[in-house]
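Encoded as structure tokens, the structure appears first; notes follow it.
The values are calculated or read from the model by the stated rules, or taken from the named source; none is laboratory data. Everything quoted here is computed from the prediction, not taken from an experiment. When we count neighbours, we look across all protein chains shown, and the Cβ atoms used for this are built from the backbone with ideal geometry, even at glycine.
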Amino acid sequence: MRYLQELPDADIPHTEMPPRYHTGRLPNSKAGDDKPRLLLMGQPRSGKSSISSVVFHKLPPSETLYLETTTRIKKESMHSFMDFQVWDLPGHVDYFDPSFHVDHIFEEIGALIWVIDAQDEYLEAIMQLNKTILNLQHSYPSINVEVFVHKVDGLSDDYKADTFRDIIQRVTDELSDHGYENAPVSFYQTSIYDHSIFEAFSKVIQKLIPQLPTLEALLDSLCQSCRIEKAYLFDIMSKIYIAADTSPTDGGSYEIASDYIDVVIDVSEIYGWDRTLALEVEEEEIRGESGCNDAESLITMERKGNHYLYLREINKYLALICLMGDDSPAEKKAVIDYNVGVFQTALKQVFPRAEREPPGHHHRYEGVEFGHDEPAAVGVGR
Amino acid sequence: MNTGKRQKQRKVLLMGKSGAGKSSMRSIVFSNYVAKDVRRLGATIDVEHSNIKFMGNLMLNLWDCGGQDGFVENYLTHQRAHVFSSVAVLIFVFDIESREFAADVISYSSIIRALQENSPSAKVFVLIHKMDLVQARLRQQLFEERAEYIRAASEGFKDTVEFWATSIWDQSLYKAWTQIIYYLIPNAGSIEALLRQLAEVIDARELILYERTTCLTVTHVTRGLEERNPFTDRFERISSILKTHKQSMAKHTNLPPNIANFAEMQIKTGRFMFFITRLTENTNLAAAIPPSEQIFNAARVNISLVRPRFAELDIGSAKASARGGIQQAFASSGMGAVEDGRRRDGEGESGGVE
């Protein structure tokens with residue numbers, strides 16, 4: 001059992017400082033320091049590594065063709081409002097082989113994501129999935145099982161819907177045949193070529209946030225007071241949203257919000273370079289006062305003349321994105337700013353982690369920070 | 001560069017072998033296609049004309065010339081004078097992957113000869129295209145080899161021909177087209193001078209003037225420390241970011257891309273502030289300024305005051321009294337108070353503003 005022995009040496013992502021807060025404790029996580037895990041499982045070549053590369057490493061989807069088959073467990077860390085790990089498990093191993101130390105893998109996990117290739121024969125995959133669910137049922141009944149019906153981009157709309165329904169039917173039937181009714185299994189249609197994979201991940205992660213109802217209530221009341229059409233709380237790096245208001249959506253709004261973050265991040269990367277590096281030049285005066293501590297952005301569309309999109313950095317990790325409707329109070333940006341401020345304060349109480357990290361604790365990802373964590377860059381008077 | 005002479009229409013020929021990527025390029029730059037959409041395009045039959053308006057006084061008359069042998073033969077014989085007369089710019093596209101490079105160059109020479117007969121003052125841009133298909137480490141060398149070979153066949157244009165390596169999958173396409181457009185704008189010099197004055201007055205780190213439909217940079221002004229910005233390809237990148245965003249907005253608002261324009265965009269952070277606003281009918285202005293609300297608000301007021309000056313340049317009716325005009329515009333704005341608090345010692349220029 002090679003894989004088991006390699007487990008301790010598996011690639012552990014680099015972190016500069018151990019996390020200090022664990023407010024986002026998962027329902028079944030132990031008190032230990034280990035981060036809650038998401039397990040990616042499924043048949044070989046179903047797309048597990050592609051998913052984790054696209055979501056966590058921003059690999060362009062077209063490049064995933066060149067990924068090699070995973071032969072050992074790969075661990076990805078996500079540092080955000082809560083830290084968790086994503087483990088990418090090779091598809092060709094039987095994890096319930098008695099010689100395997102099952103607990104080592106499955107203890108502390110928050111969710112098990114099972115990837116099924118919708119363009120391939122999926123009967124074998126369903127069999128494996130059910131076997132896994134039934135095995136886990138006894139020891140870890142609270143694990144959420146999330147089934148990604150993956151690679152649906154290659155299927156026609158009708159065929160896609162049929163396949164999806166068929167997979168759901170087969171899994172639930174087989175589980176109830178074994179006497180396991182109402183299993184905690186959810187299904188998603190995903191593809192790395194559009195936003196669906198990010199939306200599915202968002203839903204998976206939202207289930208692991210105990211404060212979700214509070215967050216939703218906060219966003220709801222924000223929307224109501226400012227007549228916002230839709231509000232999302234995004235994790236900036238991964239573009240996973242951890243909460244949204246509860247109003248119904250037409251599906252496109254997540255994409256608008258996510259594309260908008262890209263624009264803001266890209267521009268911030270270009271102009272947010274560290275000027276202290278070039279400071280031997282005396283010409284540039286650096287002013288005592290600085291603009292705003294939290295990055296904010298606004299796009300007004302020409303056609304409507306309303307504030308169409310609004311982005312506000314909530315803390316190091318999170319950004320609030322609001323889509324304004326036709327009747328949003330366009331001229332009352334101050335009102336929105338104020339209410340967002342209130343929302344920010346409330347969020348701090350819910351999520352102690354949302355507070356600022358002490359200076360010196362650097363964001364792991366270069367080039368995307370909005371720059372407020374180094375006030376020296378703008379704060380030194382001359 | 002080529003100021004003075006004002007021409008309403010500038011004829012631009014887009015030529016090259018069939019399948020080289022001429023129409024793909026045109027669709028992406030001028031018709032809001034995304035790179036993966038170009039698979040839908042078929043071969044261009046004969047010549048497709050498109051008119052693109054830039055900065056009011058520049059009307060691009062783009063001739064996308066189908067590259068199949070039969071058509072090329074026809075351009076060189078029956079339509080020779082029609083096609084090659086009064087050309088401002090010839091853009092010739094080479095496919096880097098072509099197996100018959102020597103034959104491509106022969107065809108290129110015969111076109112160059114026809115151009116020399118009919119429009120000897122034209123400018124030639126050679127785009128070596130589909131560079132994404134070459135391994136990254138070999139790109140530069142291969143590009144240089146090809147460029148030298150083509151230059152040798154450029155006859156009368158040998159000394160003026162410019163070469164660009166392009167690909168529709170990155171911002172290199174925007175880089176090349178930005179240069180072409182810059183060459184074509186008749187009063188680029190005066191626009192740039194006015195922009196530089198504006199930058200001084202509002203204390204901008206950088207101003208970028210770009211065309212609204214294509215998001216191509218018309219010109220830009222960089223001041224002070226910003227010249228050390230490590231992202232030297234930022235103008236192309238911004239073109240590409242804005243273009244992508246335009247498409248995303250169009251998709252989700254169900255508006256056609258040509259009208260899914262934003263009226264204004266602002267980004268404020270602790271390190272910089274950035275905003276884009278409409279300047280003239282066809283152009284937007286992107287400004288990167290220091291992170292201060294004061295400067296931000298002053299800049300917005302000043303830009304709205306200077307709009308008529310740019311509009312005049314746009315129409316091309318103004319004589320070259322840009323300097324006097326801009327000062328008047330600012331003088332009446334009562335911006336003195338804002339200027340005061342942040343003026344540098346020993347800085348003479350902003351004195352004229354008050």
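In segment A:48-63, what residues are surrounded by fewer than 17 Cβ atoms within 10 Å (Cβ to Cβ) and either in contact with a Pro (Cβ under 9 Å, 6 or more places away or on another chain) or outside any loop (DSSP other than H, G, I, E, B) (or both)?
A:His57, A:Pro61, A:Ser62, A:Glu63, listed by residue number.
Kindly evaluate A:Asp162 against the criterion of being over 27 Å from A:Ser258 (Cβ atoms) and among the charged types (D, E, K, R).
So A:Asp162 fits the description; yes.
Could you grab me the full set of residues in segment B:123-141 that are surrounded by fewer than 19 Cβ atoms within 10 Å (Cβ to Cβ) and under 19 Å from B:Asp104 (Cα atoms)?
B:Leu133, B:Val134
Among the residues of segment B:33-42, is there at least one that is acidic (Asp, Glu) and under 13 Å from B:Leu14 (Cα atoms)?
No; the residues of segment B:33-42 include none that is acidic (Asp, Glu) and under 13 Å from B:Leu14 (Cα atoms).
Does segment B:184-225 hold any residues that are within 13 Å of another protein chain (Cβ to nearest Cβ), at pLDDT below 85 and touching a strand residue (DSSP E or B) at 6+ places or on another chain (Cβ under 6 Å), and which are they?
If the condition is that a residue be within 13 Å of another protein chain (Cβ to nearest Cβ), at pLDDT below 85 and touching a strand residue (DSSP E or B) at 6+ places or on another chain (Cβ under 6 Å), then B:Arg212 is the only one that fits.
What's the total number of residues in segment B:290-300 that are more than 9 Å from chain A (Cβ to nearest Cβ) and either of a type outside the set (Lys, Arg) or crowded, with 22+ Cβ neighbours inside 10 Å (or both)?
So the count comes out to 3.
Quick one: would you say B:Gly19 is free of Cβ contacts under 8 Å to residues at least 24 places away in the same chain and either outside any helix (DSSP H, G or I) or at positive phi (or both)?
No.
Looking at A:Ile197, A:Ile168, A:Ile192, which is the one that is more than 15 Å from A:Ile321 (Cα to Cα), in contact with a Gly (Cβ under 8 Å, 6 or more places away or on another chain) and assigned by TED's automatic domain parsing to the domain that holds A:Tyr140?
None of the others qualify; the one that does is A:Ile192.
Within the bounds of segment B:255-266, is there any residue that is small (Gly, Ala, Ser), over 17 Å from B:Glu206 (Cβ atoms) and within 11 Å of chain A (Cβ to nearest Cβ)?
So far as segment B:255-266 goes, yes, one or more of its residues are small (Gly, Ala, Ser), over 17 Å from B:Glu206 (Cβ atoms) and within 11 Å of chain A (Cβ to nearest Cβ).
In segment B:173-207, what residues are of a type in the set (Ser, Thr, Tyr) and surrounded by fewer than 22 Cβ atoms within 10 Å (Cβ to Cβ)?
B:Tyr182, B:Tyr183, B:Ser190
Condition first: touching a residue at least 60 places away in the same chain (Cβ under 8 Å) and surrounded by fewer than 18 Cβ atoms within 10 Å (Cβ to Cβ). Now tell me which residues in segment B:230-242 satisfy that.
B:Asp233
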